[in-house]
Amino acid sequence: MSSDVRIQIFDTTLRDGEQCPGAAMTGRQKLDVARQLARLGVDIIEAGFPIASRGDFDSVKEIARTVRGPVICGLARCINADIDAAGAAVKPAGKQGRIHVFLGTSKIHREFKLGKASDEILRLATEGVRRARKFTDNVEFSPEDASRTEIDFLVEVVEAAISAGATTINLPDTTGYATPEEYGRMFAEVIARVRGSAHAVFSTHCHNDLGLAVANSLAAVHAGARQVECTVNGIGERAGNAALEEIVMALHTRRDFYTHLTTGIHTREIVRTSRLVSGACGFPLPRNKAIVGLNAFAHSSGIHQDGILKKRETYEIMDPEEVGWGKTELPLTKHSGRAAVIARLKHLGYTLQPAELQAVFARFKEIGDRKKFVHDDDLVSLVGAQIHVAHETYSLENLTCRSGTNEKPLATVTLRHGRKKLAASGTGDGVVDAVMKTIDRITGLKGHLLDYAVRAVTEGKDAVGEVSLNVRFEAKGEPASGRAAATDVIESSGRAYLAAVNRWLAEGGRVSKKTRRTLASP
Ligand code: KIV
Ligand code: ZN
């Protein structure tokens, strides 16, 4: 009989990960990611914060209804309306539903954020957990900013939460302030001092402000934590959360040190999951990102290459195939049929609706016409861009540009809006500016570009260029993000800008009839 202890992997990519600026995913994308997380073998998926918006509520509920395997969790503050919303959202998961309630406990949170005394915090935590228990037996409690909370008070709150019925206690390093020694010590002390600690699973949740999130998580595991909260690619608030792939592979690769600790992760799904998340949230991976970056297993120096050829383990501590870097699939070409594209998309973790598939296939053919091979990364980028917006109010019909070193750039754009074709021309301080200003002339909106990034998705001069941007359409409105991929970066820029327009409109942005100009012929 195995005496191994299973470390529960609690994935919060869809909640803490998605919470960071620019990482917003649509409900469809979240569902794809959740399905892939289930294939990856995570134990718990924190699917969102149901009270935050109707969209969040719906996507947690849909994931709870359709994704089988992992526990599905919804986040709530210790506020009745939050807990009730989380309870309703995870209900379709039945016994696999969890509510995660949290409340700030550190002095700075009590005094400045909440304006509440310690007794009041104890009461709210107890009542919050009790209310959550009315919906499910699976309740997690987090004393937010635990690592900066006075240890005696932390012990008191945790004890109260366990007595009220919490089955998991998470001790977050909310601000990424702790060091591994301190964080590990906090776990050891809380577990030793809290009455009833044996009735709860202790969990780590680390942010990466000092680059210590993974080290802190492992220190907590060493001190007795049995659940790790993390995100794919380490995405999350500010500098991000602890990266799932790094924690899992550290436990796996260093079994000699973390003896008897295992996870249920199917490590060969790691790279595929990483790409899916990167494509869905629009955060490209740095080449040198551990485990999943393009350079993670690339050896360029002659000495290293020579060593690897003689014996792989001289310079490689993991087998790349073990994390899913296996044989690369043959790239698709313009001759590839719909079935081949569907099969490849499925392999990459996507299950698209017929209309989405239609749109992706059409763009695949356009790109196939311009470029010899369509690689997996091109496809991921295409899908990410294509299903980024729920409804296309405007679509691009045509875009032509003229520019030179000594002439003012000029763009001519034709958009389709329902049955109408709208066209306009305009100049700008550069071709990209001219394209965006011309789109504004047609839509009647005035976008202010907050950030803009372009990257080559694969190698080679004919690589697909992916543009990700954020635009503010009103002085105080919420920014909208857009992403698009094409072999021509000016075209990707125009498409990405249009995606942001469509997203903003789909999420309730309005243009007054007066400002919308009908500029051209049908
Ligand atoms: O970082 C944090 O404290 C959180 C809590 C909601 C657990 O994300
Ligand atoms: Zn967090």
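The values are calculated or read from the model by the stated rules, or taken from the named source; none is laboratory data. All of these numbers come straight from a predicted model, not from anything done at the bench. Note that we place each Cβ from the backbone using ideal geometry, even for glycine, and neighbour counts take in every protein chain shown. Only protein heavy atoms, including side chains, enter the accessible area calculation; ligands, DNA and RNA are left aside. Shrake-Rupley method; radii C 1.70, N 1.55, O 1.52, S 1.80 Å.
Okay, residues lined up against (1) within 16 Å of ligand 1 (Cβ to nearest atom); (2) polar (S, T, N, Q); (3) open to solvent by less than 50 Å² (accessible area, probe 1.4 Å); (4) in the same structural domain as Arg272 (by TED's automatic domain parsing):
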residue	(1), (2), (3), (4)
Gly55	no, no, yes, yes
Ser59	no, yes, yes, yes
Gly69	no, no, no, yes
Gln96	no, yes, no, yes
Ser106	yes, yes, yes, yes
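Inside the stretch 166-214, residues that are under 21 Å from the mean Cα position of the chain (by Cα) and open to solvent by 20 Å² or more (accessible area, probe 1.4 Å) make up a count of 8. Among the conditions (1) under 30 Å from Gly508 (Cα atoms); (2) β-branched (Val, Ile, Thr); (3) buried (at least 19 other Cβ atoms within 10 Å of the Cβ), Thr412 misses just one, which is (3). Is it the case, given these coordinates, that Arg268 is within 19 Å of Asp32 (Cβ to Cβ), open to solvent by 10 Å² or more (accessible area, probe 1.4 Å) and more than 16 Å from ligand 1 (Cβ to nearest atom)? So Arg268 passes the test. Among the residues of the stretch 79-91, is there at least one that is within 14 Å of ligand 1 (Cβ to nearest atom) and open to solvent by 20 Å² or more (accessible area, probe 1.4 Å)? Within the stretch 79-91, one or more residues are within 14 Å of ligand 1 (Cβ to nearest atom) and open to solvent by 20 Å² or more (accessible area, probe 1.4 Å).
If only residues of the stretch 139-165 that are over 18 Å from Ala192 (Cβ atoms) and open to solvent by less than 30 Å² (accessible area, probe 1.4 Å) are counted, the one that is nearest to ligand 2 (Cβ to nearest atom) is Ser142. Considering only residues in the stretch 8-47 that are charged (D, E, K, R) and within 16 Å of ligand 2 (Cβ to nearest atom), the one that is surrounded by the most Cβ atoms within 10 Å (Cβ to Cβ) turns out to be Asp11.
Regarding Arg15, is this residue out of contact with any helix residue (DSSP H, G or I) (no Cβ under 7 Å at 6 or more places or on another chain), under 25 Å from Ser381 (Cβ atoms), not assigned by TED's automatic domain parsing to the domain that holds Trp504 and not small (Gly, Ala, Ser)? Criteria met by Arg15. Evaluation of Arg344 against the conditions (1) modelled with pLDDT of 95 or more; (2) outside the structural domain of His100 (by TED's automatic domain parsing); (3) not in a loop (DSSP other than H, G, I, E, B) shows that the sole unmet condition is (1). Annotation note: Cβ proximity below 7 Å between a residue of the stretch 172-191 that is farther than 12 Å from Thr149 by Cβ and more than 16 Å from ligand 2 (Cβ to nearest atom) and a residue that is polar (S, T, N, Q) and open to solvent by less than 50 Å² (accessible area, probe 1.4 Å) (sequence gap 6+ or interchain) occurs for Pro180/Asn216; Ile191/Ser197.
Just checking, does the stretch 332-341 include any residue being under 29 Å from His222 (Cβ atoms), among the polar types (S, T, N, Q) and either in contact (Cβ under 8 Å) with a residue 12 or more places away in the chain or out of contact with any Asp or Glu (no Cβ under 6 Å at 6 or more places or on another chain) (or both)? Checking the stretch 332-341: not a single residue is under 29 Å from His222 (Cβ atoms), among the polar types (S, T, N, Q) and either in contact (Cβ under 8 Å) with a residue 12 or more places away in the chain or out of contact with any Asp or Glu (no Cβ under 6 Å at 6 or more places or on another chain) (or both). Scanning the stretch 226-241 for residues that are crowded, with 21+ Cβ neighbours inside 10 Å and away from ligand 1 (no atom under 14 Å from the Cβ) yields Val232, Asn233.
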